[in-house]
Amino acid sequence: MRARYGVPLGITAVAAAGLLYSAGFEVRSFRLRRVTVPVLPAGMRPLRILQVSDIHMVSGQRKKQRWLRSLAGLRPDFVINTGDNLSDPEGVPETLDALGPLMEFPGAYVFGSNDYYGPKLRNPARYLVEKVQGRHGLNGNPPVVGAVHNPWEELRDGFDSAGWLNLTNTRGTLKVDGVSVELTGLDDPHIKRDRYDRVAGGPSGSADFSMGVVHAPYLRALDAFTADGYPLILAGHTHGGQLCIPFYGALVTNCDLDTDRVKGLSTHTADGRTAYLHVSAGCGTNRYTPVRFACPPEATLLTLVERD
């Protein structure tokens, strides 16, 4: 009897332990990553950017809210929010409260699909199927029917009233201690709201430094930013793969970006030009899949320094 049932029971026990760890501990094990990026012109002082992404706030997530508020102690030069703040139509007040201390700093934001639409319960295996078929979001999939609409306008108004720049298919400039930073942003490519033609042309040349910002790192957006000469692109969306295999990494990115660049700092090349790309693994999850494995929730402090 032991020989017959020992292995299945052992597998069940390991699976249960993994689920308990990923849902009970790792998903709340918030981390700060620090990255140095050599992209600034010669003679320019370092810039410290705090990137927050994929918060997916659900009402009542007190530990996440406390952790987000604590990030203000880093005293960044400015904050970039790369979208997917919500996973609950009731979560706007708590999201704005948690980000309140960070909104004391200069900042800018783009939205992701989950800012506009509430999540739906879906089979996680669909991400693997979509990867094989080359379909992601609304890119190749049928239009969404019966979607829950989030109160994104309230979120936008809260960010705008704090002075953060709305980079929805537009440009903006931040002044940071006498340094001008030009930001070019796109709406979410995951749901085909990106309109690069509205911001095409590359850095204006009037700022000390320019960079691109987008929620989902689809290749068409990365190609456009890179070909136009932006030296740095910030994105989120991937959750770092969310459920990863130790010593192997992510299985999916939920977009057409390869899994080797699912999170962290890498490079992207298009039309003979190369840009640095930073993809945040984010600090939240869809409310219906509140688990992370081998991919803890995070924010990133990027220190930009002079180019080599």
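The values are calculated or read from the model by the stated rules, or taken from the named source; none is laboratory data. Nothing here was measured: the structure is a model prediction, and the numbers come from that model. Here the Cβ is made from the backbone with ideal geometry for all residues, glycine too, and neighbour counts use every protein chain on show. Surface areas here come from the heavy atoms of the whole protein model, side chains and all, with no ligands, DNA or RNA. Shrake-Rupley method; radii C 1.70, N 1.55, O 1.52, S 1.80 Å.
Suppose all protein chains stay in the model; what accessible area per residue would a 1.4 Å probe give for the stretch 129-243, in Å²?
41
Among the lysines in the chain, how many pairs, 8 or more places apart or on different chains, have alpha carbons under 26 Å apart?
10
Under 10 Å, Cα contacts only: if you run a Gaussian network model on the chain, which one of Tyr109, Tyr230, Tyr288 comes out with the highest mean-square fluctuation?
Looking only at Tyr109, Tyr230, Tyr288, the biggest GNM fluctuation is shown by Tyr288.
Compute the length gained on full extension between Ala125 and Asp177: take 0.36 nm times their separation in residues and subtract their Cα-Cα distance, giving the result in nm to one decimal.
The span from Ala125 to Asp177 would gain 13.9 nm if fully extended.
Calculate how steeply helix 2-24 sits against the longest principal axis of the alpha-carbon atoms of the chain, using the helix alpha-carbon long axis, and give the answer as 0 to 90 degrees to the nearest 10.
The answer is roughly 30 degrees.
Roll a 1.4 Å probe over the protein heavy atoms and report the accessible area of Arg135 in Å², nearest 10.
70
Given Cα pairs under 8 Å that are at least 6 residues apart, what percent is the relative contact order of the chain?
It comes to 27 percent, rounded to a whole number.
Tell me the net charge near Val181. Cut-off is 13 Å between Cβ atoms, Val181 excluded, with +1 for each Lys or Arg and -1 for each Asp or Glu.
Summing Lys and Arg as +1 and Asp and Glu as -1 gives 0.
Of all accessible surface on the chain at a 1.4 Å probe, what whole percent is carbon and sulfur?
Ligands and nucleic acids excluded, carbon and sulfur give 55 percent.
So if R0 is 41 Å, what FRET efficiency would Thr303 and Asp97 give, r being the distance between their Cβ atoms, rounded to the nearest 0.05?
That gives a FRET efficiency of 0.90.
In deg cm²/dmol, rounded to 500, what helix-only [θ] at 222 nm does the chain give when every DSSP H run of at least 4 residues adds -39500 (n - 2.57) and the total is split over its residues?
Result for the chain, helices only: -7000 deg cm²/dmol.
Note down, for the stretch 35-156, the three equivalent ellipsoid semi-axes (square root of 5 times each alpha carbon gyration tensor eigenvalue), biggest first, whole angstrom.
The equivalent ellipsoid of the stretch 35-156 has semi-axes of 30, 21, 13 Å.
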